[in-house]
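Notes follow once the structure below has been shown.
The values are calculated or read from the model by the stated rules, or taken from the named source; none is laboratory data. Keep in mind that this is a model prediction, so the values were computed, not measured. Cβ sites come from the backbone with ideal geometry, for glycine too, and all protein chains shown count toward neighbours.
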Amino acid sequence: MQFLFRTASTHLFQRSFYSTMFDTQVLKVVPENFTFKKSIGTDEFSELNANSVISTKNDKLAIEKAVEWLKKGEAVGIPTETVYGLAANALDANAVSKIFAAKNRPQDNPLIVHVSSINMLKSILPDNTIPEVYLPIIRKHWPGPLTIVLPTSQLIPNSVTCGHPTVAVRFPSHPVARSLIEACGFPLAAPSANSSGKPSPTLASHVYHDLQGRIPFILDGGSCNVGVESTVLDGLRNPPAILRPGGLTYEELKEIKGMEQLQVYRKDFVDKELEMAPTTPGMKYRHYSPEAMVILIDRKRDSKEFEENFEKAWKEELNAIRTSGMVVSKIGMLRTTQEGKTATWETISMVDDQTKCISLQMGRYGHPEEVARGMFKGLRELDGRSVNVIFVEGIPEDREGMAVMNRLRKAATKVLEV
Ligand code: TXA
Ligand code: MG
């Protein structure tokens, strides 16, 4: 179990190194107080070029504070509909470097650029032109949990694209993110606001936990509705491909004109170049991993006795872990709520006189969008309770289940099929 010690000690070192840089301030905002007003005219994208209206003084002040830090070239935590982002001015290489430092992100992992309007998108593209292939997708799915790969331009620093000829861009639907970008007047580069390698944050408190002291400011807009990161689509490829499954499902994307042949990276094809360059999220680096060891217990396609098999599998695995010499005083379970059963957030029991079990539910089985919302939150919650091992239940890989399973496979040190 050497990796457990390695992870823990590196983490401690980085934490103490950065801990005194800032006294991190957290300000609450209420997403419902942000609306968007279309301008009158014949603009083809009038909805997507609408202007933000903030109805309360407190929310305006919070946005102003965030803008102030961003204009100074600092990185701040912001809510989006997928996960919290760690944002900085995407056009300022020095500001972008603060993101990499605060997260301890590998220097060769490119960032997503967030825009708040189609006009802003065009302003960063070569010849201000959106490639034809993306137009029907943008019309249907922006703003939202979809990132598209575009040709980059001189305006985007190399540190954002990590020297690649493309730039990944997203138009978030979260009213606070959208309003903030508009108020800045420049696009924001933003990876997920977790410490690199950890589960993504879906609450401001998760961002605070990972980055307190390393960033000056966090906007707290409550919990993220989608709960997993955006889908990364490369429409410049032929056929087009999902590089990272996310909040927008394969099923929804495939229905769009031009996406009939849509492929999913690693499912339908593998590309040597992509494997080496970490433009395909999570390929090169460890991802989404809590401190605890994660064992994913997935269901075989035709598994009828899953409940029984699940129990047998975790008990056997727990025994094997104990036999290896690891002391396990607490285990965590991350489960779905089965059809016909009542949802309970938490159940505590004893496995035997040595080991306590904390069981949490991510969402209802057959409702992958609920599981997506609860997955990262559950991993973080169990880590907070200092469990040694987390047994997590797999779900079918359809709809949001594809993104959920992609993350869980990467978080897991072992995958069992029962
Ligand atoms: O939902 C999201 O996408 C969140 C929120 C904050 O917007 N952001 C996010 O960023 O998940 P991050 O850095 O954790 O993941 C972005 C991934 C990178 O790992 C990278 O592999 C991929 O997007 N990416 C960035 N630029 C790319 C490019 N030019 N081509 C292909 N993939 C790219
Ligand atoms: Mg991330």
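Tabulated data
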{"quantity": "Qualifying residue in segment 397-410 (condition: surrounded by fewer than 18 Cβ atoms within 10 Å (Cβ to Cβ) and more than 19 Å from the chain's Cα centre (by Cα))", "calculated": "no"}
{"quantity": "Criterion: surrounded by 15 or more Cβ atoms within 10 Å (Cβ to Cβ), closer than 27 Å to SER159 by Cβ and either at pLDDT 95 or above or of a type in the set (Ser, Thr, Tyr) (or both) - qualifying residue of PHE22, PHE36", "calculated": "PHE22"}
{"quantity": "Every residue from segment 379-391 that is under 22 Å from SER192 (Cβ atoms) and buried (at least 24 other Cβ atoms within 10 Å of the Cβ)", "calculated": "LEU379, LEU382, ILE390"}
{"quantity": "Residue check, SER159 under 30 Å from GLU44 (Cβ atoms) and either in contact with a helix residue (DSSP H, G or I) (Cβ under 6 Å, 6 or more places away or on another chain) or modelled with pLDDT under 95 (or both)", "calculated": "no"}
{"quantity": "Index of the failed condition, GLY197 passing every other in (1) touching a residue at least 40 places away in the same chain (Cβ under 8 Å); (2) more than 24 Å from VAL113 (Cβ to Cβ)", "calculated": "(2)"}
{"quantity": "Residue satisfying condition, being of a type in the set (Asp, Glu) and assigned to a helix (DSSP H, G or I), within set ASP383, ASP398", "calculated": "ASP383"}
{"quantity": "Complete set of residues in segment 144-172 that are surrounded by fewer than 24 Cβ atoms within 10 Å (Cβ to Cβ), within 11 Å of ligand 1 (Cβ to nearest atom), outside any helix (DSSP H, G or I) and not aliphatic (A, V, I, L, M)", "calculated": "GLY144, PRO151, THR152, CYS162, GLY163, HIS164, PRO165, THR166"}
{"quantity": "Single residue of segment 93-142 satisfying the filter (of a type in the set (Gly, Ala, Ser) and part of a loop (DSSP other than H, G, I, E, B)) that is surrounded by the most Cβ atoms within 10 Å (Cβ to Cβ)", "calculated": "SER116"}
{"quantity": "Considering residues of segment 69-78 that are part of a loop (DSSP other than H, G, I, E, B) and surrounded by fewer than 19 Cβ atoms within 10 Å (Cβ to Cβ) only, the residue farthest from ligand 2 (Cβ to nearest atom)", "calculated": "LYS72"}
{"quantity": "Residue that is modelled with the highest pLDDT [pool: residues in segment 331-348 that are under 17 Å from SER386 (Cβ atoms) and surrounded by fewer than 18 Cβ atoms within 10 Å (Cβ to Cβ)]", "calculated": "ILE348"}
{"quantity": "Check on GLU369, surrounded by fewer than 23 Cβ atoms within 10 Å (Cβ to Cβ), at pLDDT 95 or above and within 23 Å of VAL232 (Cβ to Cβ)", "calculated": "yes"}
{"quantity": "Strands (runs of 3 or more DSSP E) enclosed by segment 184-300 - at least 2 residues per element that are of a type outside the set (A, V, I, L, M) and either within 14 Å of ligand 1 (Cβ to nearest atom) or modelled with pLDDT of 95 or more (or both)", "calculated": "217-220, 231-234"}
{"quantity": "Filter pass, GLY340 being assigned to a loop (DSSP other than H, G, I, E, B), among the small types (Gly, Ala, Ser) and either in contact with a Leu (Cβ under 8 Å, 6 or more places away or on another chain) or more than 17 Å from GLY366 (Cα to Cα) (or both)", "calculated": "no"}
{"quantity": "Those residues of segment 221-241 which are surrounded by 20 or more Cβ atoms within 10 Å (Cβ to Cβ) and either away from ligand 2 (no atom under 16 Å from the Cβ) or among the small types (Gly, Ala, Ser) (or both), in sequence order", "calculated": "GLY221, GLY227, SER230, LEU233, ASP234, GLY235, PRO240, ALA241"}
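Conditions (1) hydrophobic (A, V, I, L, M, F, W, C); (2) modelled with pLDDT under 95; (3) surrounded by 13 or more Cβ atoms within 10 Å (Cβ to Cβ), marked per residue:
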{"site": "MET1", "(1), (2), (3)": "yes, yes, no"}
{"site": "GLN14", "(1), (2), (3)": "no, yes, yes"}
{"site": "VAL30", "(1), (2), (3)": "yes, no, yes"}
{"site": "VAL67", "(1), (2), (3)": "yes, no, yes"}
{"site": "THR80", "(1), (2), (3)": "no, no, yes"}
